[in-house]
1. Given the DSSP H assignment, sum -39500 (n - 2.57) over each helix run of at least 4 residues in the chain and divide by its residue total; what's the result at 222 nm in deg cm²/dmol, nearest 500?
2. Compute a Gaussian network model of the chain, connecting alpha carbons closer than 10 Å, and tell me which residue from 46, 87, 29 fluctuates the most.
3. Where is the GNM fluctuation largest for the chain (alpha-carbon springs, 10 angstrom cutoff): 139, 174, 71?
4. What percentages, rounded to whole numbers, describe P(r) for the stretch 1-138 computed over all alpha carbon pairs with 10 Å bin width beginning at zero?
5. Report, for the stretch 84-201, the % of DSSP beta bridges that are antiparallel, rounded to 5.
6. Using only C-alpha positions, report the orientation-averaged shadow area of the convex hull of the stretch 46-201, nm², one decimal.
7. Average the reciprocal distances over every distinct pair of alpha-carbons in the stretch 1-42, invert the result, and give the Kirkwood radius in Å.
8. Just read off the accessible area of residue 18 with the full protein assembly in place, 1.4 Å probe, to the nearest 10 Å².
Amino acid sequence: MNKTKLAQISDPHVCGRDRPFEGRDTARLLQRAVDAACGTAPDALLLTGDLVNHGTREEYDRLNACLDGVAPPVYLVAGNHDDRAALRDAMAARASLDCGEFIQYQARVGPLRLIGLDTQVPGRGEGELCHRRLDWLDAALASDPATPTIVAMHHPPFRTYVDSMDRYGLLRGAGRLEQLVARHGNVERILCGHLHRTMFK
């Protein structure tokens, strides 16, 4: 049986050359992570938000440079540090993100379907899934009930018990998301970022 390998990297917070993140050159660290992930020969590379730290074009250009030469398809999810317009503009040649107000999409990765979900609230640290985003997800899941599906988003839709992060978690929409996932039985996993640590639930 063929298995699909999806490599996930989250929260690289790529910064400009003169604005390091907590004293670190995050672009250099992301390059190391991308090289390591691609060394495992994944079928796709998924970045689940906070791609850059201030939403500037320079930062997105540095992000693009880290992804140059990556062989597998790259899928991007917006985080609270991202700027939707700048992200779309800078990454247009790499990913199709012109999908309406929110950056949400479906893609096939081998036998799997990947759904990117936008939890961003511009200018805020917390996330939300409003009725329009969840209506879109409901319709997307209903359109193909047989294909195993991965949902990718930035903010975790559950309490993590990391109090400093839960104050800026997914504050609206988690309950309905849980109902949708329960009703559509082909959702295999929900992949998130935001926490800067590994966690499974």
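1. Numbers: 6 runs with 58 residues, N = 201.
Counting only the DSSP helices, I get -8500 deg cm²/dmol.
2. Among 46, 87, 29, the largest mean-square fluctuation in the Gaussian network model of the chain belongs to 29.
3. Sorting by GNM fluctuation, first place goes to 139.
4. Using 10 Å bins, I get a P(r) of 12, 42, 35, 10, 1 for the stretch 1-138.
5. Details: 5 of 15 bridges.
Here the antiparallel bridges make up roughly 35 percent for the stretch 84-201.
6. Numbers: hull surface 36.3 nm².
Averaged projected area of the stretch 46-201's Cα convex hull equals 9.1 nm².
7. Working: mean 1/r = 0.0854 Å⁻¹.
That comes to 11.7 Å for the stretch 1-42.
8. For residue 18, solvent-accessible area is about 120 Å².
The values are calculated or read from the model by the stated rules, or taken from the named source; none is laboratory data. Please read all numbers here as calculations on a predicted model, not as lab measurements. SASA here: full protein model, heavy atoms, side chains in, ligands and nucleic acids out. Shrake-Rupley method; radii C 1.70, N 1.55, O 1.52, S 1.80 Å.
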